[in-house]
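Encoded as structure tokens, the structure appears first; notes follow it.
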Amino acid sequence: MSNLADLEQRALAELASCQDESALRTWHGKYLGKQGEVVAAVKEVVNVPPEQRRAYGSEANRIKVSLTEAYEAALAKIKQLALEASLSADALDVTMPGRAMSSGNLHVASRVMRDVRAVFADLGFQVYRSREVEDDLTNFELLNMPPHHPARDMWDTFHTTIPGVLLRTHTSPGQIHVMREHCPAPIRVILPGMCYRYENITTRSEIMFHQVEGLAIGERVTMADLKGTIVAFARRMFGEERQVRIRSSYFPFTEPSIEVDMDCIVCAGKGCGLCKRSGWLEIMGAGMVHPVVLKNGGYSPDQFTGFAFGMGLERIIMLIYAIDDIRQFWANDLRFLRQF
Ligand code: FA5
């Protein structure tokens, strides 16, 4: 008959001396496994005299339960110590579950700008990037607006502390840069980018906004080419059924000048709040490049003609998505930005 008290003491002493998980598992086999000493001691009950059998049996079971609990506690402790040791040694626990990365998305202005660029690429236009900090000469004078010309009032300007240096009010000064770089070769480019105007912020006007300038110069470029380009762009961008309307207008750097409207995308020309009940929405200013501007860009107006246009990107996006407040674009409100 086993000496239960001796067995328990021995098992506990050996358990306390186990240093790692493998020693613990060996201990478990020796005492609590199928062939283990504790199981053997429990089976021993049949050899105990009947008057001691009940006491022996219950003591053997108590020892089995208590050693099982001691083993589980020791195993948990050793696992915890091993985890802490590996964390402090590696500083990276590859067993921990990963943290999900939230993926961002392109700003709606960048996305639609890509679409616009793709449409013009199909029409044979290259992209030319021009500077945002300009000089007065290129932003105004070379575009046929000498100092004190009243047309300058059309563009409220952010001037810098350096005299004659300003934030461009439109992408049109890029026309001068690209012409001077490429003259006398024909040009077909778009010039996308940010513009700045010192004006009141309203639901339709911001102090910073994107424009997409277009410029085509060649020996036989006509108003019909301008019209065809605009119509092709509007239909590719907004749908084949779109109607385009051309009104005469005035810009100092184009002659003749036009303003281009599209039938309202929301009410299909019937009249609604977005189009101010007119059925039409303005999408760009345009015209034939003024001879003075051609000359300033290095081209002879006797040999070359050209067309140019400039459209406001945010206004176009407002049409596509029926956005009623331009201030949303740069307000950094994720609820707005995540919709696109
Ligand atoms: C111009 O800026 C001319 N440079 C366009 C041009 C280019 C005409 C080439 C002829 C030849 P305008 O000031 O109208 O024109 O601006 C063009 C477009 O920019 C407008 O139709 C509008 O869509 C957008 N825009 C103008 N001001 C703002 C503003 N404050 N906020 C948002 N968009 C604006």
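Only one of the numbered conditions (1) modelled with pLDDT of 90 or more; (2) part of a helix (DSSP H, G or I); (3) open to solvent by less than 70 Å² (accessible area, probe 1.4 Å) is not met by A85, and that is (1). In summary, strands (runs of 3 or more DSSP E) completely within the stretch 122-236 and bearing 2 or more residues that are closer than 24 Å to G306 by Cα, among the β-branched types (V, I, T) and in the same structural domain as F329 (by TED's automatic domain parsing) occur at 187-196, 208-218.
Going by the conditions given, is R235 more than 10 Å from the ligand (Cβ to nearest atom) and more than 21 Å from Q126 (Cβ to Cβ)? Against the criterion (more than 10 Å from the ligand (Cβ to nearest atom) and more than 21 Å from Q126 (Cβ to Cβ)), R235 qualifies. Of the residues making up the stretch 267-297, those that are under 28 Å from the mean Cα position of the chain (by Cα) and within 10 Å of the ligand (Cβ to nearest atom) are I283, M284. Here is the figure for the stretch 11-34: residues that are loosely packed, with under 14 Cβ neighbours inside 10 Å and more than 16 Å from A74 (Cα to Cα) total 1. In the set (1) open to solvent by 10 Å² or more (accessible area, probe 1.4 Å); (2) at pLDDT 90 or above; (3) within 16 Å of the ligand (Cβ to nearest atom); (4) not in a helix (DSSP H, G or I), S300 fails one condition alone, (3). State yes or no: is I316 under 23 Å from R197 (Cβ atoms), near the ligand (Cβ under 10 Å from one of its atoms) and assigned to a strand (DSSP E or B)? Against the criterion (under 23 Å from R197 (Cβ atoms), near the ligand (Cβ under 10 Å from one of its atoms) and assigned to a strand (DSSP E or B)), I316 does not qualify.
For the stretch 319-333, what are the residues that are part of a helix (DSSP H, G or I), more than 12 Å from the ligand (Cβ to nearest atom) and not hydrophobic (A, V, I, L, M, F, W, C)?
Y321, Q328
Being over 15 Å from Q211 (Cα atoms) and open to solvent by less than 60 Å² (accessible area, probe 1.4 Å) is the filter; apply it to the stretch 303-313 and report the residue that is farthest from the ligand (Cβ to nearest atom). Only one residue tops the list, namely F304. One residue alone among D153, D122 is loosely packed, with under 12 Cβ neighbours inside 10 Å and within 14 Å of the ligand (Cβ to nearest atom), and that residue is D153. With respect to (1) without any contact (Cβ under 8 Å) to a residue 12 or more places away in the chain; (2) of a type in the set (D, E, K, R); (3) open to solvent by less than 20 Å² (accessible area, probe 1.4 Å), the lone exception for R168 is condition (1).
For the condition at pLDDT 95 or above, open to solvent by 60 Å² or more (accessible area, probe 1.4 Å), among the polar types (S, T, N, Q) and away from the ligand (no atom under 13 Å from the Cβ), Q243 does not qualify.
The condition (being over 30 Å from A322 (Cα atoms) and within 12 Å of the ligand (Cβ to nearest atom)) is satisfied by just one residue among L166, L191, L143: L143.
Please find, among M145, M96, the residue that is of a type outside the set (D, E) and touching a Pro at 6+ places or on another chain (Cβ under 7 Å). Quick ask: steps written out before the conclusion?
On the way: M96 fails: touching a Pro at 6+ places or on another chain (Cβ under 7 Å).
Within the list M145, M96, the selection yields M145.
Residues in the stretch 50-68: is at least one open to solvent by less than 80 Å² (accessible area, probe 1.4 Å), modelled with pLDDT under 90 and either within 30 Å of Q339 (Cβ to Cβ) or not small (G, A, S) (or both)? No, the stretch 50-68 has no match at all.
The values are calculated or read from the model by the stated rules, or taken from the named source; none is laboratory data. In this text, all values refer to a predicted model and were calculated from it rather than measured experimentally. Ideal geometry is used to build each Cβ from the backbone, glycine not excepted, and the neighbour counts take in all protein chains shown. Surface accessibility is based on the protein's heavy atoms, side chains included, excluding ligands, DNA and RNA. Shrake-Rupley method; radii C 1.70, N 1.55, O 1.52, S 1.80 Å.
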